[in-house]
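Here is the structure we will look at.
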Amino acid sequence: MKMSGSAPDARPSAKLDRAVIFLGPPGAGKGTQAQDLARRYGVPHLSTGDMLRENIAKGTPLGAKAKPLMERGELVPDSLVLKMVAARIERPDCSHGFVFDGFPRTVAQAQYLGELLKQHGFRQPVVIHFAIDPALLMRRITGRRMCKVGGEIYNVFERPPKLQGKCDYDGGELEQRPDDREEVVAPRLQAYQKQTAPLVAYYRRLGRLREVDAAKSVDEVARRVLEVVDGTR
Ligand code: ADP
Ligand code: AMP
């Protein structure tokens, strides 16, 4: 998983002290914005997708269970994901908050997370819904490339690197995720609609939901995300 470093415009002196949750379909831009927000606040970016891919790369038993499901575009069982997240937020770098990207993805995960945050003494989370027309997602997903070294996210159509195939930050090789092939996109979007989209209503009922228009440019979405997070601190 990518750990947040310091960007030139970082302002880690600004405190977060809570969980920020990015909710939205695959390809909506959650990871791109989470990397940026986490850097600004000097808190970890917790992408459960990255954590699972790291387990696959290391050949752990969790990775072995997750791999075939991820390749088919299905969700990994709640019990496995929850254990992984609970262990991660115990670590000291999480004491001032964190940015979740791709978690929670089911109502059961959201309920468990609510308990976990209470146990750790965090305030209520801010949930940012990345609203976007699904027709825009195919191009974003199939064009996505990630740096093998630091996990930086690019897009061959929308956000290409300066040098083809190389990361602007560390020169690492860019690769396509196996589940970003066109044939896996439909099952992933179906899993989102069926299992994750109900969280929009769940968090709205709790009064925690804020919306961003994720079809806008990366900079505009980033501005809106900051406005929301700064406005709720
Ligand atoms: P998610 O984490 O929601 O799956 P990503 O942040 O990985 O989405 O973004 C998906 C793809 O779309 C990436 O290739 C990224 O470079 C690109 N992207 C992200 N945000 C935008 C945006 N606002 N406009 C155009 N492309 C974007
Ligand atoms: P992502 O990187 O968020 O697009 O996630 C990639 C894949 O990892 C998903 O399609 C799921 O198979 C799995 N995954 C990631 N996060 C979760 C989660 N919170 N619950 C279940 N499965 C997950």
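For the reader, a short list of remarks on this structure follows.
- Tally, over the range 127-153, of residues that are within 11 Å of ligand 1 (Cβ to nearest atom), open to solvent by 10 Å² or more (accessible area, probe 1.4 Å) and farther than 17 Å from L37 by Cβ: 9
- Residues that are open to solvent by less than 30 Å² (accessible area, probe 1.4 Å) and not aromatic (F, W, Y) were ranked within the range 154-164; the one that is farthest from ligand 2 (Cβ to nearest atom) is P161.
- Close pairs from the range 19-36: first over 13 Å from R159 (Cβ atoms) and open to solvent by 10 Å² or more (accessible area, probe 1.4 Å), partner part of a loop (DSSP other than H, G, I, E, B) and within 11 Å of ligand 2 (Cβ to nearest atom), Cβ under 9 Å, at least 6 apart: P26/G73; P26/G102; K30/G24; K30/G102
- Residue identified as in a loop (DSSP other than H, G, I, E, B), polar (S, T, N, Q), more than 18 Å from the chain's Cα centre (by Cα) and surrounded by fewer than 17 Cβ atoms within 10 Å (Cβ to Cβ) among Q124, Q111: Q124
- Restricting attention to the range 177-233 and to residues that are among the polar types (S, T, N, Q) and assigned to a helix (DSSP H, G or I), the residue that is nearest to the chain's Cα centre (by Cα) turns out to be T196.
- So V99, is it modelled with pLDDT of 95 or more, surrounded by 16 or more Cβ atoms within 10 Å (Cβ to Cβ) and within 7 Å of ligand 2 (Cβ to nearest atom): no
- Residue satisfying all of: in the range 41-62; crowded, with 17+ Cβ neighbours inside 10 Å and away from ligand 1 (no atom under 16 Å from the Cβ); nearest to D180 (Cα to Cα) among these: I56
- Filter result (assigned to a helix (DSSP H, G or I) and either within 12 Å of ligand 1 (Cβ to nearest atom) or within 11 Å of F100 (Cβ to Cβ) (or both)) within the range 20-40: K30, G31, T32, Q33, A34, Q35, D36, L37, A38
The values are calculated or read from the model by the stated rules, or taken from the named source; none is laboratory data. Note that the structure is predicted; figures quoted are calculated from it, not measured. Counting neighbours? That spans all protein chains shown, and the Cβs are built from the backbone with ideal geometry, glycine included. Each accessible area value is taken on the protein alone, full model and side chains, heavy atoms only, with ligands, DNA and RNA left out. Shrake-Rupley method; radii C 1.70, N 1.55, O 1.52, S 1.80 Å.
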